[in-house]
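What follows draws every value from the coordinates through simple rules; no lab data is involved. Every value quoted in this text rests on a predicted model; they were computed, and no experiment measured them. With ideal geometry, Cβ positions are generated from the backbone for all residues, glycine too; neighbour counts draw on all protein chains shown.
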Amino acid sequence: MPERLELPENYNPETHLLYKTTENGNFHESRAGARLGRNLLASGHVEDVELAHQVLAATLTCQEKRTNDPHHGNFFWMAEDDVVGDLNAVEFCLESLIPMMIDHQDRLENA
């Protein structure tokens, strides 16, 4: 059986995302969530795969889904954002999500 991935110290079990602390508080980066989801799936441990689905669901809540928004499909940098502030955010998220879907599609739930 594969070993469990050790979760980073900044993993927030309430949000299922990693947080980053700044002088303004704690923020949850979408790209860090995408990377964590990929790593959890890659571990192959059944509990990590289950957690990966929660992390990925949280990460996908950071995606702009309003079809009338000009940034539809892009990602917010932080879960706390309500608009896309940087058009490059999608690149950083997809850098983890696309290889994850290719390499571990058998471990992903149908959505």
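May I ask you to say which residue of His71, His16 is touching a Leu at 6+ places or on another chain (Cβ under 9 Å) and either exposed (fewer than 12 other Cβ atoms within 10 Å of the Cβ) or free of Cβ contacts under 8 Å to residues at least 24 places away in the same chain (or both)?
His71
Quick check: is even one residue across segment 99-106 over 18 Å from Leu17 (Cα atoms), crowded, with 17+ Cβ neighbours inside 10 Å and out of contact with any Phe, Trp or Tyr (no Cβ under 9 Å at 6 or more places or on another chain)?
yes
Exactly one of these conditions fails for Phe27: (1) over 23 Å from Leu5 (Cβ atoms); (2) out of contact with any helix residue (DSSP H, G or I) (no Cβ under 9 Å at 6 or more places or on another chain); (3) touching a residue at least 40 places away in the same chain (Cβ under 8 Å); (4) not aliphatic (A, V, I, L, M). Give me its number.
(1)
Look through segment 74-89, keep the residues that are in contact with an Asp or Glu (Cβ under 9 Å, 6 or more places away or on another chain) and free of Cβ contacts under 8 Å to residues at least 40 places away in the same chain, and return whichever of them is surrounded by the fewest Cβ atoms within 10 Å (Cβ to Cβ).
Here the residue is Val83.
Looking at this structure, is Leu40 buried (at least 19 other Cβ atoms within 10 Å of the Cβ) and either out of contact with any Ser or Thr (no Cβ under 6 Å at 6 or more places or on another chain) or among the basic types (Lys, Arg) (or both)?
For Leu40, the condition - buried (at least 19 other Cβ atoms within 10 Å of the Cβ) and either out of contact with any Ser or Thr (no Cβ under 6 Å at 6 or more places or on another chain) or among the basic types (Lys, Arg) (or both) - is met.
So which of Leu56, Leu94 is of a type in the set (A, V, I, L, M, F, W, C) and closer than 14 Å to Leu17 by Cα?
Criteria check complete, one pass: Leu56.
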